[in-house]
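The values are calculated or read from the model by the stated rules, or taken from the named source; none is laboratory data. Everything numeric in this text was worked out from a predicted model, so none of it was measured. Glycine also receives a Cβ, built like all others from the backbone with ideal geometry; neighbour counts cover every protein chain displayed. Accessible surface is based on the protein model in full, side chains and every heavy atom, while ligands, DNA and RNA are left aside. Shrake-Rupley method; radii C 1.70, N 1.55, O 1.52, S 1.80 Å.
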Amino acid sequence: MQEKYAPAEIERAAQEHWRETSADRAIEDAGGKPKYYCLSMFPYPSGKLHMGHVRNYTIGDVLSRYHRMKGFNVLQPMGWDAFGMPAENAALANGVAPADWTARNIAYMKKQLQSLGFSIDWAREFATCAPEYYRWEQWLFTRLFRKGLIYKKLGTVNWDPVDQTVLANEQVVDGRGWRSGALVEKREIPMYYMRITAYAEELLAGLDTLAGWPEQVRLMQRNWIGKSIGVRLAFPYELDGKSGKLWVFTTRADTLMGVTFVAVAAEHPLAAAAARNNPGLAAFIEECKQGGVAEADLATMEKKGMPTGFSVRHPLTNEPVPVWVGNYVLMSYGEGAVMAVPAHDERDFAFAQKYGLPIRQVIAVKGASFSLESWQAWYADKDRGVCIHSGKYDGLDREGAVEAIAADLAARALGERQIQFRLRDWGISRQRYWGCPIPIVHCETCGDVPVPDEDLPVVLPENVVITGAGSPLARMPEFHACACPRCGKPARRETDTMDTFVESSWYFLRYACPDNDRAMFDARVNYWCQNGVDQYIGGIEHAILHLLYARFFTKLLRDTGEVDGVGIALDEPFGNLLTQGMVVAPTFYREDGDGRKEWINPADVEVRTDARGRPAGAVLKADGGPVMIGGMEKMSKSRNNGIEPKTLIERYGADTVRLFMMFAAPPDQSLEWSDAGVEGASRFLRRLWRTVFEHVGKGLPEGALPETLPASLKDLRRKLHQTIARVGDDYGRRRQFNTAVAAVMELLNVYDRTDLDAPAGRVLAQEILETVTLLLFPITPHIGQALYAELKPGADAARASFPEADAAALAQDTIEFMLQVGGRLRGSFTISADAGRAAIETAALATGVAQKFMAGKPAKKVVVVPGKLVNIVV
RNA sequence: GCGCGGGUGGCGAAAUUGGUAGACGCGCUGGAUUUAGGUUCCAGUGCCGAAAGGUAUGCGGGUUCGACUCCCGCCCCGCGCACCA
């Protein structure tokens, strides 16, 4: 055995060994082993691996390797979410074709992933930009289109009037186009939508079955779907001699008698009608078109409105109610109009105050008096009121009033109870090039015709010129000029592509059969995806959109029926979900004369500390001059605080990087990068290596452990088996890897402090070192592979089972109890492990500590927590 | 603005079901070994205090024999908001 731990060498050897023995291949026929499908969210091939990837895939690899050791048939695949905007941006910046750029990035990042030793079945790798993949997406599209689950309607987008192009929300900075600097406008264009709202009820109910998901994520999805039960009601009106109804939705029909105005969205037909003879209003509506479509911006902007000069009639009293146009009313939610009750709604209140609109109280709260001055405080009690100033409804509580009012509205055909979702249908059209073409042909005679199966895939051409103004496909007649598949007349192919979220909504199923060129799925899906992916791992930022879309797709595919004899018999795609936290790092900067910050990479900075270890300034290594210390922020290009995985792997080895990532924080919390922490992880592995080296150097011990052991060895062996139980629980149930590592470190600390030179000690040392190697194997597999082979010549750690705790070794003769008097810790006492409650109580009262702190007073009560603590209350 | 998280030593964190607050690691201080150290080993390390003891989990209140943990109110930080992925 080599004396020195040489990570580069042993990692190369271990990876070669795994390749030669096909250790990472996932085979369907597993001889009765249960399957375990462990999936990490696939990366966008942006160029290089970043630390967030390393963290994500290390967590996945730890769980994969642990379950393989526990006897599962493990599948851990990897692929590339390869369509997306950055490839087009790179094309604009460097003139490289998106397809080439993407392929190059994939090749580089794959090498990086392989250098980390992940147990990935590379035979299943695919990229979503390959026609062999996206053809099935197009195939599915045509079916969903025929079933009406995909349909066309107008949607609102960000429009850059200078570049004449649609912008993503990300490309709108402070209301302006990121390249042109032009003020962005809202524009309505025809788009295809997926009818996710048809599944709203099931997507909501399904959340209750996802016991393996973090409660946080389920809550976020529940609120996103946003089911509310309310009343859809109409305000009748006459306009241009015709009568009409202005519909609104409200969850507070009990406040209907307090309505003092109605607000409609700028895009509402009634607003447009009123603006025809009102230039001021027309100008306001035009002003409302200014700015982007992102909801965060809409919700934080100043609430503005303008009266239309037009009134509708109250559905119960027939009184006129003025109609306003409000920039805060969303056309895309509900009816695009809201009834305003300023007395009982915060937003309406602010709006009414601003424009001097009447405020009519119709709910009284017992013991709280309504006043405009202290309205906010009064409003806090909103849930406890009854109706007043509401005629026949006076005295009714909220539920009763809603019921009575809904009934009266129904009798007049002016309203009905309705369930409303916040969830909107999913617009999937993108006016961009680097995406999956939408398989539709537009024919003047036949309308929108789906491309027939035999003409699929609609292949995305790769020889294109990206200009940043509109989609290049629209300028390529060789792409869009075609014949109508139905009537044969000249037609135009759709040039929009699909939202890249579509590819990531079903990729996890395709890993089961990536090589099938005859069908989207085959029977292998039912093997690997039975009960879904067993463990899914990815960033918390995907808590809503991606995870909701993937759940939606699973239900769509289930309901699409059998395909080539295979049906997707699955309600939910991911049984267990682990949402990983961000990787953050310190930021450093220098300011130039204009106060502009130049961000400096942490790798180029040295932080100085004072005598107590507090940071006392930082200097640039290159020139020794001071730099400013910023906060901890997510690793990013803009802050130049990214740490290169490549550099670290070369310097310390993959195992050190993996160990640090798992040890520094629990997986769902953000992880702060620390050079010193990496150094510490490396130190631990060197120490482990040295410990095994010293042990092996004395010759491997022979024979079994004697029946009876001296106390020190018995204690150490108990510690060993406690550690096995704890680490197994941390991996398998708690998924808290930092404490698993800590437990092993603790064990090695005790090992170092125990004299193991006697023959029995040598045998125990062997047991401990073999066990530790295997306990750490999921996290640090390379060093584990090497050390295990030294400890057990000829053995292969990659095929070993996870250690099992020995119940006999865990038994304890005596237990130490903590002793509290009056709830304060005063001491402790030791008593036989089989002592009963009465004996424990007597022993506690007899201790000198108890006598002292009770000071002669009688015990009022003695609380005994079995195995832990006694509290004497005086 | 709305929804969801988080806040514990100098730092990352632990405390699994309301029961020893700070395991484990980093850093720091002192010492030993070494020609040397970005090596290794030993000891110490929440704060106040000589000690006894007191005090401490963002802030203010509450429940309990006992609260980092449960309840009410507040402050700060992060994530998401439908065209970033």
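Summary table below
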read-out: Failed condition for A:V293, given (1) assigned to a helix (DSSP H, G or I); (2) of a type in the set (A, V, I, L, M); (3) farther than 27 Å from A:G258 by Cα; value: (1)
read-out: Residue that is surrounded by the most Cβ atoms within 10 Å (Cβ to Cβ), among those in the range A:47-75 that are in a loop (DSSP other than H, G, I, E, B), over 19 Å from the mean Cα position of the chain (by Cα) and in contact (Cβ under 8 Å) with a residue 40 or more places away in the chain; value: A:K70
read-out: Subset of the range A:252-286 (residues that are in contact (Cβ under 8 Å) with a residue 24 or more places away in the chain, of a type outside the set (G, A, S) and in a helix (DSSP H, G or I)); value: A:D254, A:T255, A:L256, A:M257, A:L270, A:L281, A:F284, A:I285
read-out: Residue within the range A:855-874 that is part of a strand (DSSP E or B), more than 13 Å from RNA strand B (Cβ to nearest atom) and open to solvent by less than 40 Å² (accessible area, probe 1.4 Å) present; value: no
read-out: In the range A:312-327, the residues that are surrounded by fewer than 17 Cβ atoms within 10 Å (Cβ to Cβ) and out of contact with any Ser or Thr (no Cβ under 7 Å at 6 or more places or on another chain); value: A:T317, A:N318, A:E319
read-out: Meets criteria (aromatic (F, W, Y) and under 23 Å from A:F145 (Cβ atoms)) for A:Y433; value: yes
read-out: First in the range A:709-732 and more than 10 Å from A:V750 (Cβ to Cβ), second anywhere and among the basic types (K, R) and open to solvent by 50 Å² or more (accessible area, probe 1.4 Å), Cβ under 8 Å, 6 or more apart; value: A:G732/A:K70
read-out: Residue selected from the range A:206-251 under the condition part of a loop (DSSP other than H, G, I, E, B) and open to solvent by 50 Å² or more (accessible area, probe 1.4 Å), by the criterion farthest from RNA strand B (Cβ to nearest atom); value: A:G241
read-out: Only listed residue being more than 20 Å from A:V231 (Cβ to Cβ) and away from RNA strand B (no atom under 16 Å from the Cβ), chosen from A:E416, A:E403, A:E454, A:E399; value: A:E454
read-out: Lone qualifier among A:I428, A:I438, A:I466 - being touching a residue at least 24 places away in the same chain (Cβ under 8 Å), closer than 30 Å to A:K227 by Cα and of a type outside the set (F, W, Y); value: A:I428
read-out: Residue among A:T554, A:T579 that alone is assigned to a strand (DSSP E or B), among the β-branched types (V, I, T) and farther than 28 Å from A:E679 by Cβ; value: A:T579
read-out: The lone exception for A:Y151 - which of (1) surrounded by fewer than 23 Cβ atoms within 10 Å (Cβ to Cβ); (2) more than 30 Å from A:R558 (Cβ to Cβ) it fails; value: (2)
read-out: A:L570 vs. criteria closer than 30 Å to A:R734 by Cα and either within 16 Å of RNA strand B (Cβ to nearest atom) or not in a loop (DSSP other than H, G, I, E, B) (or both); value: no
read-out: Residue within the range A:145-153 that is away from RNA strand B (no atom under 16 Å from the Cβ) and in a helix (DSSP H, G or I) present; value: yes
read-out: Hey, A:F802 modelled with pLDDT under 90 and either open to solvent by 20 Å² or more (accessible area, probe 1.4 Å) or of a type outside the set (V, I, T) (or both) or not; value: no
read-out: Residue list for the range A:328-365, restricted to those being part of a loop (DSSP other than H, G, I, E, B) and open to solvent by less than 30 Å² (accessible area, probe 1.4 Å); value: A:Y328, A:V329, A:G336, A:V341, A:L357, A:V362
read-out: Residue satisfying all of: in the range A:630-685; more than 10 Å from RNA strand B (Cβ to nearest atom) and among the basic types (K, R); surrounded by the most Cβ atoms within 10 Å (Cβ to Cβ) among these; value: A:R658
read-out: Verdict on A:W80 being surrounded by 20 or more Cβ atoms within 10 Å (Cβ to Cβ), aromatic (F, W, Y) and without any contact (Cβ under 8 Å) to a residue 24 or more places away in the chain; value: no
read-out: Selection from the range A:267-300 of residues that are in contact with a Phe, Trp or Tyr (Cβ under 8 Å, 6 or more places away or on another chain), at pLDDT below 90 and either more than 16 Å from RNA strand B (Cβ to nearest atom) or open to solvent by 40 Å² or more (accessible area, probe 1.4 Å) (or both); value: A:A299
read-out: Qualifying residue in the range A:727-742 (condition: among the charged types (D, E, K, R), assigned to a helix (DSSP H, G or I) and away from RNA strand B (no atom under 16 Å from the Cβ)); value: no
